[in-house]
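Notes follow the structure.
We did not get these values from a lab; they are worked out from the coordinates using the rules stated. Keep in mind it's a predicted model, so treat the numbers as computed, not measured. All Cβ positions, even for glycine, are placed from backbone atoms using ideal geometry, and neighbour counts span all protein chains on display.
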Amino acid sequence: MSAPPLIAISGLKKSFGGNAVLKDIHLQVQRGEVVALIGPSGSGKSTLLRCINLLSVPNGGRITVGEHSFDFDGRHAALPGEKKLAQFRASTGMVFQHFNLFPHMTALQNVMEGPVTVLRTPRAEAEAAARELLRKVGLAERADYYPDKLSGGQKQRVAIARALAMKPAVMLFDEATSALDPELVGEVLNVIKGLARDGMTMILVTHEIGFAREVADQVVFMRDGVVAESGPPGVVIDNPRQESTRVFLGRFTAGDARATSQAA
Ligand code: ADP
Ligand code: MG
């Protein structure tokens, strides 16, 4: 028997004013699955991630993450109460393009902050867990550094450790490497790869098509607020069925997305 999906999204709609940005999105993610969300700028990828952790309130549809389920009927934007919302947000760790670390806190303090203030974890326990997470992202030696003394890649790894400290059921990455100098991209992708190996459920918005092919179990191609095509990387990236997917992937240069599809 197959397990129920960890994340189930059905009929999800989101508009801003008269602008329908998400139109009837359906998506299921199994526990331990890595989903790469790709598509042109403005297709709704960030909005979808923001809806999944309720940073944006959908206008319609249903979102389930683990034991949390929310229905949005379109008439009133129904957000859960503050406590349930905080719990839910903690269960969906979000990592952004810009790291949003607290500048007046060290790496260690940044990672401890959520557990101490939101989860009420005792400080000693939160510190031990934070040090372990910094070790896991390769920054044990940088625990006492302030963000302005860290490189972009190091800051992003602290941001990942900070999200992990909340023991999320799923990690959501929104172009986590887009703001980095090219030579710093690899260290962040390696941390994400390690999480995939550990069985973390993840949704990654990424323009790193080669990386998506390598780590994703499922690739979702979005266009104009709909899922235009989804499936395993061998299909969506290497043998897309939709013309729009082909056109999008055609923008990536040889050595990345095209290399295999042209060889095939
Ligand atoms: P992507 O991440 O795929 O580039 P986004 O989800 O950021 O796309 O944006 C999709 C569309 O939604 C864009 O047209 C954008 O202008 C619009 N949009 C996103 N956020 C807002 C907002 N807070 N207010 C108004 N329009 C928004
Ligand atoms: Mg975006």
> Which GluC sites (Glu not before Pro) does the stretch 1-105 hold that lie in a coil by DSSP with at most 13 other beta carbons within 10 Å?
Replying inline: Glu67
>> So for each of 189-195, 204-210, 157-163, 98-104 I average, over its residues, the number of other beta carbons within 10 Å; can you give me the resulting order with the highest mean first?
In response: 157-163, 204-210, 189-195, 98-104
> Percent antiparallel among DSSP beta bridges with both residues in the chain, to the nearest 5?
Replying inline: 55 percent
> In the structure shown, do any of Lys155/Lys193; Lys23/Lys84; Lys136/Lys167; Lys45/Lys83; Lys23/Lys167 have a Cα-Cα gap over 24 Å, and if so which?
Replying inline: Lys23/Lys84; Lys45/Lys83; Lys23/Lys167
> Between Asp144 and Ser69, 0.36 nm times their residue separation minus their Cα-Cα distance comes to what?
Replying inline: 23.1 nm
> Tell me, in nm to one decimal, what length is gained between Val247 and Leu79 on full extension, where the rule is 0.36 nm per residue of separation less the Cα-Cα distance?
Replying inline: 56.7 nm
